Structures are given as C-alpha cells and as structure tokens.
Amino acid sequence: MVILTLRCLTQVPEPGSNPTQNAAVVPVTGGNPSVTANDQEYDGNTVIVADAISQGPGWMVIHNQLNGTWVRRLVETPVINGDNKNIAVKMILPSHAVLYAMLHVDAGTVGKYEFPGPDVPVMLNGQMLSPAFNATIKSSTANIPPSITVSNQDVSGGKVT
C-alpha cells in the first residue's frame, strides 16, 4: 500500500498577479485533470461548466474578468473525484461577462472551501486549469426589468410577503 500526502502552502494572489506561483502541482495518477467551459447563454442564475475531471474531491471556482485577466472569485461549487459533467454553478451576473472556470483541490476539510489555505488551484504541466468563457444572459430574460411588489400587510411570524 502506498500513501501519498500532499502539503501545499499558499497565499491569496493579488488581482492581476501570476496565480500560478500559488497553485498546487497535482501528480497525475489516473486521467489528467481538465476543465471544459463553453461560451453560453444563461438564465441569469446558473452557468454550466461542461466538464471537469478532478483527481479527488475538488471545487469548481468561477472568477470574473477585468482588463483581460481574472480578478476575483465569484462563487464555488464542489466536484467529485473523476469526471464531472454539466456542473451547474448558481450565480447572478450582469447581462454579459467573461468568466474563468478554475479547478481547485479539496485538500483541507472535505466539503469546506478553504482558500486561501489548502484548497489551491490545480496545475497540469505548469498551467492552471482555468479556461475563459463568455456568459450572456438569454435575450428573453434580459428584457425583463427588475421589480419588487409589496403591499400593506400584517407581519406574521416575523415575515412579510
């Protein structure tokens, strides 16, 4: 029996910095880790990452773009060991955004996103797995102006409708 232990120390990269300096190098023990993200129209609530292969539990982390580079994490969702297809990531975005789908390891407490910390980006052949993709809100949704309707009512159980 062989036991492999990975220990990674990392810091939060500054916006516009080179995040590959702070990423985990994952040994290839089966299928290569990968991420596939396609340009898409979305409903204003959920984007889909087409495919991610993770070597162990991990995280699909969505970053947004500013001036041609990723700048900050918007949201993360867990992925399982192996091939993950059509990963639904719930988020609210403007009508158009350039996003990055970045695969992270789940090396700390499994099921708890810990970055900065042990849940660092996955590297393969010196490259971070973080393809860019365009997300454009569906035109049928984009033309609906936001609104809230409230009427006078009694507060029941500390809630209003």
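Here are a few things to note about the model shown:
- Net charge over other residues, Cβ less than 9 angstrom from the Cβ of Trp59 (K, R count +1; D, E count -1): -3
- Footprinting exposure proxy for Asp43, Asp154, Asp106 (fewest neighbouring C-beta atoms within 10 Å first): Asp154, Asp43, Asp106
- Cα-only Debye scattering, segment 29-130: base-10 log of I(q)/I(0) at q = 0.17 Å⁻¹: -0.74
- Taking the number of Cβ atoms within 10 Å of each Cβ as an exposure proxy, the fewest-first ranking of Ser54, Ser95, Ser156 is Ser156, Ser95, Ser54.
- Summed residue charge, Cβ within 11 Å of His104's Cβ, Lys/Arg positive, Asp/Glu negative: -3
Computed from the coordinates by the stated procedures, all read-outs in this text should not be read as laboratory data. From a predicted model like this one, the values you see are computed outputs, not experimental measurements. Quick reminder, even Gly has a Cβ in these numbers, built from the backbone with ideal geometry, and neighbours come from all protein chains shown.
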